[in-house]
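**Q** Quick one: structure below, then a few questions.
Each reported figure results from applying straightforward, stated rules to the coordinates on display, with no laboratory input. Note that the structure is a prediction, hence the values are computed from the model and not measured. We place every Cβ from the backbone using ideal geometry, glycine too, and count neighbours over all the protein chains shown.
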């Protein structure tokens, strides 16, 4: 049986239509608790900040420059992810943000990553937003994805890891994450790094994919170490007894 958090990988779907239902105090506490448990991809405590806003507060934030407000999903709530001097902030925004997305789904809330806003100054804290609330439509979890064999190279019996990676959301459904299996190591790399339009968003996508991958390893009772080398991630996998 899948753990509840891991199960949300297959239940989550990007939702763009929400009801006006508001959050009760108990749900707000669960969100705060979920944020407090987040870890960076290196295992350290998450130093990113997660700013919860209403839709009106988000679209009227004077620090943000929207490509067009028509692209902003009209959800009752938004989470703005702020760098707060965090190293590898874009990767970690995806890594921590996606775990938060899955935890929100676990408590009955739907979400969608929103990349329609840019900061006026690259040095500012804002990285990306997540729309969330209660869906007012039927959610069909079928997704447009590539064939499973298109996501990896090499021989492996860890197909569950590939399946979890395949479910990761990405900007414009660009699906940049790819895997190479060699011995007891997994290399995670960006197959879309030459796309200038999606450059920053695809870095976030790689963090999202990495969290799906590590959750799948944890679900299979495998220990791992993650090391970032240039634009790739080397994941060393080993059994508990090793």
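**Q** Could you work out how far helix 25-36 tilts from the main Cα principal axis of the chain, as a 0 to 90 degree angle to the nearest 10?
**A** Its long axis makes an angle of about 40 degrees.
**Q** Moving on to the next point. Using 7 Å Cα-to-Cβ label points, what is the residue 60/residue 88 separation (nm, one decimal)?
**A** 3.9
**Q** With angles folded into 0 to 90 degrees, how steeply does helix 89-106 sit against the dominant principal axis of the chain? Use alpha carbons for both and round to 10.
**A** 80
**Q** How much length is gained on full extension from residue 227 to residue 51, taking 0.36 nm per residue of separation minus their Cα-Cα distance? Intermediate values should be presented prior to the final figure.
**A** On the way: separation 176, 0.36 × 176 = 63.36 nm, distance 2.86 nm.
The residue 227-residue 51 span can extend by a further 60.5 nm.
**Q** Quick check for you: which residues of the stretch 96-111 have the amide N under 15 Å from the point 7 Å beyond the Cα of residue 137 toward its beta carbon?
**A** 110-111
**Q** What residue among 127, 81, 159 has the largest mean-square fluctuation in a Gaussian network model of the chain, using Cα springs under 10 Å?
**A** Between 127, 81, 159, it is 159 that shows the largest mean-square fluctuation.
**Q** Right, another one. Quick check on the chain: of the DSSP beta bridges with both residues there, what percent are antiparallel, nearest 5%? Please report the intermediate quantities before stating the final value.
**A** Numbers: 39 of 42 bridges.
Looking only at bridges with both residues in the chain, the antiparallel portion is about 95 percent.
**Q** Compute the long axis of helix 199-219 from its Cα atoms, compare it with the longest principal axis of the Cα atoms of the chain, and write down the angle in degrees, 0 to 90, nearest 10.
**A** 60
**Q** Using the scaling law 2.2 N^0.38 Å as the reference, what is the normalised Cα Rg of the stretch 148-238?
**A** On the way: Rg = 12.3 Å, N = 91, 2.2 N^0.38 = 12.2 Å.
In units of the globular-protein estimate, the stretch 148-238 measures up at 1.01.
**Q** To the nearest 500 deg cm²/dmol, what mean residue ellipticity at 222 nm is calculated for the chain from DSSP H runs of n ≥ 4 alone, each contributing -39,500 (n - 2.57), summed and divided by the residues? Present the calculation step by step, with values, prior to reporting the outcome.
**A** On the way: 6 runs with 72 residues, N = 242.
Here the helix-only value at 222 nm equals -9000 deg cm²/dmol.
**Q** With a ≥ b ≥ c the root eigenvalues of the C-alpha gyration tensor of the stretch 4-133, is it rounded (a/c under 1.5), prolate (a/b larger than b/c) or oblate?
**A** Numbers: a/c = 1.65, a/b = 1.06, b/c = 1.56.
It comes out oblate by the Cα gyration axes.
**Q** Hey, another quick one. Please work out the ratio of the alpha-carbon Rg of the chain to 2.2 N^0.38 Å and round it to two decimals. Let's see the in-between values first.
**A** Numbers: Rg = 17.4 Å, N = 242, 2.2 N^0.38 = 17.7 Å.
Cα-based Rg divided by the globular estimate yields 0.98.
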